[in-house]
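Worksheet for the structure shown next.
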Amino acid sequence: MPLLMLDLDNTLVDRDAAFRSALAEFLTDHGLPPTDVSWLTALDGDGYTPRAEVAAAMTARYGPRVPARAIHAVLDHGAADRVALPPLTRAALVRAREAGLTPLVVTNGRTAQQTEKLRRTGLTALVDGWAISEAVGHRKPDPGIFHAAAAGRSLHDAWMIGDAPRADIGGAQALGLRTVWVTRGRTWREPDFAPTLTADDVVEAIDAVLRAQP
């Protein structure tokens, strides 16, 4: 059964929307300007900015007005407590399994937060396994995390779906996987490699993989 590897944040779930919601509540609770949501989301960088850097910048900006525990709470739990799996995405994963694919989640991030997202959304019952970078000791695009997700299964005919050009697409292609880039309205800008296919969202991406199956 061919493997179908999928990124979690901003691919299977809208992590950024969940985090923005948490940030808006954080700002309101502490009497801070609601327009700071833009600064905070830019600082966060789609979750790729190290948490220690984000916390330090927030502490420097908000000083004694905001307890350190409140900053760490929104960073540690804000997105994980709010993510949801859209029904159309759930249905697409079911179609993939029924078509004979083996869906696996491959995600960078901290074990506690990413595991909570998988549990909260019900993905634990919809995929055949997952690899979280903190747990396995490798971050995309390192090949180690893809091998950890495969857990000894063949990568022959495997696919990777994700939104991050280098981490998801570049990392997977280096191992010979076919890929689908979830554009999120962006234009591809990497000159050295390109995805096998592109899609507007993960549902379209999964259906593209299904059409490409022999």
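Could you grab me the full set of residues in region 95-125 that are more than 12 Å from the chain's Cα centre (by Cα) and either crowded, with 22+ Cβ neighbours inside 10 Å or under 22 Å from THR179 (Cβ atoms) (or both)? Those that are more than 12 Å from the chain's Cα centre (by Cα) and either crowded, with 22+ Cβ neighbours inside 10 Å or under 22 Å from THR179 (Cβ atoms) (or both): ARG95, ALA96, ARG97, ALA99, GLY100, LEU101, THR102, PRO103, LEU104, LEU123.
Against the condition in contact with a Leu (Cβ under 8 Å, 6 or more places away or on another chain), modelled with pLDDT of 95 or more, closer than 15 Å to LEU12 by Cβ and part of a helix (DSSP H, G or I), how does ALA149 come out, does it pass? Taking the combined requirement at face value, the residue satisfies it. Flag set for ALA194, criterion: in a loop (DSSP other than H, G, I, E, B), surrounded by fewer than 17 Cβ atoms within 10 Å (Cβ to Cβ) and among the hydrophobic types (A, V, I, L, M, F, W, C). For region 102-126, which positions are more than 19 Å from ALA17 (Cβ to Cβ), hydroxyl-bearing (Ser, Thr, Tyr) and outside any helix (DSSP H, G or I)? THR102 - this is the single residue of region 102-126 that is more than 19 Å from ALA17 (Cβ to Cβ), hydroxyl-bearing (Ser, Thr, Tyr) and outside any helix (DSSP H, G or I). The single condition from (1) over 22 Å from LEU177 (Cα atoms); (2) surrounded by 18 or more Cβ atoms within 10 Å (Cβ to Cβ) that LEU8 fails is (1).
Confirm whether TRP181 is assigned to a strand (DSSP E or B), under 24 Å from ALA17 (Cβ atoms) and free of Cβ contacts under 8 Å to residues at least 60 places away in the same chain. Considered against the rule, which asks whether it is assigned to a strand (DSSP E or B), under 24 Å from ALA17 (Cβ atoms) and free of Cβ contacts under 8 Å to residues at least 60 places away in the same chain, TRP181 comes out as yes. Look through ALA42, ALA55, ALA91, ALA22 and report the one residue that is closer than 27 Å to LEU210 by Cβ and assigned to a helix (DSSP H, G or I). Sole residue among the options that is closer than 27 Å to LEU210 by Cβ and assigned to a helix (DSSP H, G or I): ALA91.
The values are calculated or read from the model by the stated rules, or taken from the named source; none is laboratory data. Quick caveat: nothing in here was measured; it's all calculated off a predicted structure. Cβ atoms come from the backbone with ideal geometry, glycine included; neighbour counts cover every protein chain shown.
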